[in-house]
Amino acid sequence: MRKIIYVMVIFVLIGWVGVGFAKKDLDIQGKKLISTKPPFTLAFPSEFSLVHSFSHANPGESSLTRIYFFIKPDGKQVEEMLILQIADKTNPQAGPMRTTSLKPYTEKRLYSKEKVKKGELELDYLIQLMAWNPDAPSLQPIVKKGFVIPSHWALQGQFLFLYQGEHAVFVRYSRDVNAFGMKVSEKGEDWEKGTIKGNEKKTYEAFQKILMEMIDSIQIKAP
């Protein structure tokens, strides 16, 4: 199979089966995520709540994608958000999965884009500034649960890895820039990678440390 698994999907909110669906394949113990398919563990930066999950089939790519929404709120306002996507190969006769390269929303506010190796595992990651949009169709499962997603700048880290050609794991973690305890600018030009400085740079560096610790925490288990 020379199909490409497009993990950066536009969420199609159909056929969702609720949070209970996640219990078959995932477990959360405090800040630790335990996945059984594929078998890996990951340390979250905070204690997240799983608020929604659903799956959709990709017949043309011989895969099924499972999507999980996690949040850490301050009261009812979202402060941190993590979206986990796992694509599972559904046709044993197909060739190994492949993935596309991670792409930023804009190069102006892309701070890092690298590959890292953990043993035999290779991960792609990037860090960027983005704007949370509470009206985005993909975020409505969170809004409909009564949580408020502020229209703020947020730092986002993405990382992606393949597991034995049978699964693709894609994580998007974002955090409100106002949640770091520093007064920061609301002007996009102050966050551009060529001019970022002061508290904006300190906030980015704090976020980078959090993301790299999350990546370093990944432990792959034998099947």
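Annotation note: of Leu160, Leu139, the sole residue that is modelled with pLDDT of 95 or more, of a type outside the set (Val, Ile, Thr), under 30 Å from Glu61 (Cα atoms) and outside any loop (DSSP other than H, G, I, E, B) is Leu160. Among residues of the range 157-176 that are over 12 Å from Leu121 (Cβ atoms), those with a beta-carbon under 7 Å from a residue that is surrounded by fewer than 21 Cβ atoms within 10 Å (Cβ to Cβ) and hydroxyl-bearing (Ser, Thr, Tyr) at least six positions away or on a different chain give the pairs Gly157/Tyr125; Gln158/Tyr125; Ala168/Thr99. Quick check on Val51: is it touching a Phe, Trp or Tyr at 6+ places or on another chain (Cβ under 8 Å), of a type in the set (Val, Ile, Thr) and within 30 Å of Lys193 (Cβ to Cβ)? Criteria not met by Val51.
Within the range 163-200, the set of residues being touching a Ser or Thr at 6+ places or on another chain (Cβ under 6 Å) and under 30 Å from Phe40 (Cα atoms) comprises Ala168, Val177, Phe180.
The range 37-126 holds strands (runs of 3 or more DSSP E) entirely within its bounds, and those carrying 2 or more residues that are free of Cβ contacts under 8 Å to residues at least 12 places away in the same chain map to 110-118.
The values are calculated or read from the model by the stated rules, or taken from the named source; none is laboratory data. Bear in mind that the values here come from a model prediction, so they are computed numbers and not experimental data. Neighbour counts run over all protein chains shown; Cβ positions are idealised from the backbone, glycine included.
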